[in-house]
Structures are given as structure tokens and as C-alpha cells.
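Working notes, beginning with the structure itself.
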Amino acid sequence: MAALKLPALMPAFGLMAALFLGSSPGLAQTSRAPDLPVAIEIQAQRILSLDHLDSTRRRFGALEFRGGIALTSRFGEFGGLSSIRVQPDGSTFIAATDRGWWLRGRITYEGKRPIGIAIPEMAAMLGPDGRTLKARGWYDTESIAQDGGLLYVGIERVNRILRFDYGKDGLLARGQPIEVPPRMRTLPNNKGLEALEFVPRNLPFGGTLIGIAERGLDRDGNNQGFLIGGPRPGLFAVKRTDDFDVSDMALLPSGDALVLERKFSWTTGLFIRMRRILFGDVRPGALVNGSVLFEADLRQSIDNMEGLSVHRGPDGETVLTMISDDNFSSLQRTLLLQFTLVGE
């Protein structure tokens, strides 16, 4: 591993330890949530190349690297970013941390390269009675789906989904629990709902929430998936291969699903990949698989990539934004990476 020259990332062993230890909620720092959103400062260091061994390399499978930034902040609740939704303008975003906090701001660019975060704000997520999710013991907040001004947040360890009227109340919106399938309520602790998306109403299954468990497996060893609401609710499964866990998903304009996955072990390190699942394959009772579009490991400038979003770029290209969960560990980084999906 020494030949990989990873000082900008971290020692590989340190990353492994942080990933392992960071999964325990008991290690999270505690702080009192303020009543109102807080304006914070975020410092950004540019990532000009993704590959540590070849700085000129831009193409990785079906993705072309546009640029990235490593983010730091002195604000105590910054970090642990597990989901992100970039708006159609390609700049404004809303993200969620494991500890039940919102982060919003604007990605700034130099040309097509992200270079910073402007006007960032954070606020504790609120439950239906105005208490914070942390006060309720509702964690980890791992996934976001968006339907216009409504945001749906998946909470992994309690296997719940909350609906926030963000368009009306912004960061002070109160989350209202929605009804979820009984099977979802039985997902294993810390292996539950990790990916969530809303099907646009102009597509088949429009108005449906799609959820996928991180490692909540069915009897055949595949990841459980859920179609919630919409015209044909039900259960499906995502083929689990090569010990990869699901970390997020996002829909392309066609309705095809991009599923972000990761794999970690003490002996082999950290790997991420992305699969494309055809929208027409997703239906109640189906077992879906997908072609691999992208793979990366510690030879690339990655971390614990947990969030994925899709938007159209200024020239009509399909832009993918990934963000990493640093587990609130000094041994890891919060990375925001952007790619173009070639051929879309």
C-alpha cells in the first residue's frame, strides 16, 4: 500500500479503523441543538485528479471525472454526510448527516469544476412535535428523496420514513412519519433503509417511493427493496454480488436507477461501485440486477461514499454528485466528487 502514496487521503489502515469504529453511534460526539438554523463556515480544498497513480486520467468506467472538493468545518455537527440532493440549477443542495442534521448551501464552480460551498447552513431535524430527532433517539438519517418541496428522510436504525414540507418551512420543517411496509420495520439494526428515491409523476410508478436496504437481506441473500405508495406498492429485491452493500441511489431522467455501493474489509480495504438498474425491471416481486458503470478503490481519491445525486449540467450532460460520510472521524474526509455520465 505504501506505493499508492496516499498522504492526501490518509493511511489505509487508519481509514479502515475509522470506517469500523465510526459505525457505532456510541462514539458520536454530543452537542445541544440550537433552536434556529446556524450559518457555518466550510473550507474547501480542490481535488483536481481522482487517480493517485495517473493524474491525467479522467475516465473511470462510464463516468468522467469533473472535479471534487474536500470539505472541513469547525462546526461540531459538520460531518457524517450520508445523503445529498442537488437541485436542477446544479448548485443549490440539501444534505443530511447521520446525527439528524440538515446541511444546505450552494456548490460554487470554476467552469465545470466544483471549488467551494457558499452560504452553508445547518439545523437539527425536527420531529412532528418540534423535538429534535436526536432527542427522540431516531437515527441514523441515511437517505433523502425529493418530491418538489417535500423531502422524505429514511432513518435506518428505527426503520422509519419522515416527510418534511421543506418548501414551506425550510430547515424548520417538522418531519411527519409515513406508513411503511411491515417488512421494513423488521430490517436488522444498522443494516436498514440506506437508499431512497421518489419516482417523478410523469413516469410509470409515478408518485412511488423506492427504498433499498443497506444489508437487510431476503431468504435468498439479496437486498430487500420497497415500493411505497404509488400505483403498485410492494416488495422487490436487488441482487447482492461480491459482498457489496447499498449506500444510496438516484434516478436518471429516464427512470433508470443508479445504485451506489461499497465494500470494506480489514484485509482488502475499501471499494465503491455503481450499478445501473433498468427502470422497467423494477416491479413488485422482481429480482433486479444491473450493469456496473463505475468502480474505485484506495488507488483513487475516495472515502466512505454514501450519498448520490443526479442533475443536468449546463450543456445538458448528466452530472453525478457523490458525497462521503467521514463518520465524524479525523482519519477520514468529507469529499464531494462530481462526474459526467458518458453517453447520456
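Just the residues that are buried (at least 20 other Cβ atoms within 10 Å of the Cβ) and not basic (Lys, Arg), please, taken from segment 58-69.
Going through segment 58-69, the residues buried (at least 20 other Cβ atoms within 10 Å of the Cβ) turn out to be 63, 65-69.
Residues satisfying the conditions are LEU63, PHE65, GLY67, GLY68, ILE69.
Which one of these does PRO181 not meet: (1) farther than 23 Å from SER309 by Cα; (2) in contact with a helix residue (DSSP H, G or I) (Cβ under 8 Å, 6 or more places away or on another chain)?
Single failed check for PRO181: (2).
Among the listed residues ARG283, ARG312, identify the single one that is in contact (Cβ under 8 Å) with a residue 24 or more places away in the chain, within 18 Å of PRO114 (Cβ to Cβ), basic (Lys, Arg) and touching a strand residue (DSSP E or B) at 6+ places or on another chain (Cβ under 8 Å). Let's see the steps before the verdict.
On the way: ARG283 fails: within 18 Å of PRO114 (Cβ to Cβ).
Of ARG283, ARG312, the one residue that is in contact (Cβ under 8 Å) with a residue 24 or more places away in the chain, within 18 Å of PRO114 (Cβ to Cβ), basic (Lys, Arg) and touching a strand residue (DSSP E or B) at 6+ places or on another chain (Cβ under 8 Å) is ARG312.
Taking segment 140-149 as the search range and keeping residues that are touching a residue at least 40 places away in the same chain (Cβ under 8 Å) and either of a type in the set (Gly, Ala, Ser) or more than 16 Å from LEU103 (Cα to Cα) (or both), which one is surrounded by the fewest Cβ atoms within 10 Å (Cβ to Cβ)?
ASP147
For segment 292-322, what are the residues that are closer than 17 Å to ARG273 by Cβ, charged (D, E, K, R) and not in a loop (DSSP other than H, G, I, E, B)?
GLU295, ASP297, GLU306, listed by residue number.
Is segment 333-341 home to any residue that is among the hydrophobic types (A, V, I, L, M, F, W, C), more than 22 Å from TRP101 (Cα to Cα) and surrounded by fewer than 18 Cβ atoms within 10 Å (Cβ to Cβ)?
Step one: of segment 333-341, the residues among the hydrophobic types (A, V, I, L, M, F, W, C) are 335-337, 339, 341.
Pick out the ones that are also more than 22 Å from TRP101 (Cα to Cα) and you get 339, 341.
With the extra rule that they be surrounded by fewer than 18 Cβ atoms within 10 Å (Cβ to Cβ), the set shrinks to none.
No, segment 333-341 has no match at all.
Which of (1) modelled with pLDDT of 95 or more; (2) surrounded by 16 or more Cβ atoms within 10 Å (Cβ to Cβ); (3) of a type in the set (A, V, I, L, M) does ALA118 not meet, given it meets every other one?
(2)
The values are calculated or read from the model by the stated rules, or taken from the named source; none is laboratory data. This one's a predicted model, so the numbers in the text were calculated from it and none came from an experiment. So basically every Cβ, Gly included, is an ideal-geometry build from the backbone, and we count neighbours across all protein chains shown.
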